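S.K.: Handing you this structure, nothing more for now.
Throughout, read-outs are computed from the coordinates displayed, never taken from laboratory work. If you're wondering where the values come from, they're calculated on a predicted model, not measured in any experiment. Note: ideal-geometry Cβ built from the backbone for every residue, glycine included; neighbour counts use all protein chains shown.
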Amino acid sequence: MEKILTLNQVAERWNCCSNTVRNEINRGKLRAFRVGERRYGVPISAVEEYESRWATC
């Protein structure tokens, strides 16, 4: 089973705030799924894909 990260875990990994992560999800750049009404789950594979595709550093 694939590891799932929260928005806060992704934000910590990227050294940004969770709103930035949420914005990337809303823009369609980061794949995620809803867990309840307000929470997201982000598969680690989606984070790695984003980092390889969109990271500018």
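S.K.: Roughly how big is the chain's charge dipole about its Cα centre, with Cβ charges of +1 (Lys, Arg) and -1 (Asp, Glu), in debye to the nearest 20? Let's see the in-between values first.
M.R.: Numbers: 10 positive and 7 negative charges, 44 e Å.
The dipole of the chain has a size of about 220 debye.
S.K.: Give the Rg/Rh ratio for the chain, taking Rg as the radius of gyration of the Cα atoms and Rh as the Kirkwood radius, to two decimals.
M.R.: Reported Rg/Rh, Kirkwood definition of Rh: 0.93.
S.K.: Need one number: nm distance between label points at SER45 and ASN26, each 7 Å from Cα along Cα→Cβ, rounded to one decimal.
M.R.: Here the modelled spin labels are 2.8 nm apart.
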